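A short reminder: the numbers here are calculations on the coordinates, not readings from a lab. Please read all numbers here as calculations on a predicted model, not as lab measurements. When we count neighbours, we look across all protein chains shown, and the Cβ atoms used for this are built from the backbone with ideal geometry, even at glycine.
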Amino acid sequence: MLTSFFWSGDVIRSRHVSDTVLTGTLAIPELPVRLLADWDREIASNLILETGDVEALPLPRARTRWPDYGRCVQAVADWTATLGLPGVLVSSDVALMACRGARYHHDAMQYGSAAFCNLFLSEDCGLDVHFPAIGLRIPLKRGTAMIFDTGQPHAVIARGSSGFDAADFPPDRDYTQVFLTWELPIEDSHVGRALEVAFDTATASALQLDTEQVWLAGQPVEVCPASGRWRRTE
């Protein structure tokens, strides 16, 4: 069993990593040209976004150029409500992110106490989110939404590719994907139920730890950034 050890208040708690990924395609308006141009400038001049990296964009500034921001958030709120997650976005932190592909990784070393809810805003440019451990690929286009366990390995890779390869992202093509992401509290009863998370699966081991980490078969593991396979932490 894949186990996430995460901070719950002042103590480390254990849980299994969910194989459930909730996904849908939401009807959201096209983004304003002014907003897209601002993102292009920010990515080129300040982020210096490298292939495979995921970086934050300034959300407050984006909202001043984004009259339909509220409609996008409401679309996600309506969708999550249909999944049995009423009001969960209201109390969750939100960020605006950009990537040009993404290497395989998991996020439970920092966000083990959360699930991610992502809304992709960019048009389809031939990329998928790939969850290799569960054999799931989700084509990315404007309105793609997903909720998943932060401990589940994932990447943004070229459609048709079997893994992450920087050569799949030539510099003369725009592969940038921008998305909103919310941190949903995994201990929220609605979130835990929707993802079918079992808690306190390795209590004795949790008592010995003081950092968030992921274990497989009783040993700490990390993700190979090219293939998404688990390997022992060195």
Any idea which of (1) in a helix (DSSP H, G or I); (2) within 21 Å of R232 (Cβ to Cβ) is the one R193 doesn't satisfy?
(2)
When (1) closer than 30 Å to Q219 by Cα; (2) without any contact (Cβ under 8 Å) to a residue 24 or more places away in the chain; (3) not aliphatic (A, V, I, L, M) are applied to T64, the one that fails is (1)
Answer residue from the range 94-123, given it is over 19 Å from Q177 (Cβ atoms) and over 13 Å from the mean Cα position of the chain (by Cα) and is surrounded by the fewest Cβ atoms within 10 Å (Cβ to Cβ) among those
M109
Which one of the conditions (1) small (G, A, S); (2) free of Cβ contacts under 8 Å to residues at least 40 places away in the same chain; (3) in contact with a Ser or Thr (Cβ under 9 Å, 6 or more places away or on another chain) does G163 fail to meet, given that it meets all the rest?
(2)
Farther than 23 Å from G70 by Cβ, surrounded by fewer than 17 Cβ atoms within 10 Å (Cβ to Cβ) and touching a Lys or Arg at 6+ places or on another chain (Cβ under 9 Å) - does that describe any residue in the range 148-163?
yes
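Yes/no per residue for (1) free of Cβ contacts under 8 Å to residues at least 24 places away in the same chain; (2) small (G, A, S); (3) in a strand (DSSP E or B); (4) crowded, with 18+ Cβ neighbours inside 10 Å:
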| residue | (1), (2), (3), (4) |
| --- | --- |
| T20 | no, no, no, no |
| E30 | no, no, no, no |
| S45 | yes, yes, no, no |
| A56 | no, yes, yes, no |
Mind listing just one residue for me: the one in the range 145-193 that is of a type in the set (G, A, S) and in contact with a strand residue (DSSP E or B) (Cβ under 8 Å, 6 or more places away or on another chain) and, of those, farthest from A108 (Cα to Cα)?
A158
Test: residue in the range 31-48 that is within 25 Å of A114 (Cβ to Cβ) and not aromatic (F, W, Y):
yes
Take the residues of the range 173-200 that are out of contact with any Pro (no Cβ under 9 Å at 6 or more places or on another chain) and of a type in the set (A, V, I, L, M): which is farthest from T82 (Cα to Cα)?
V178
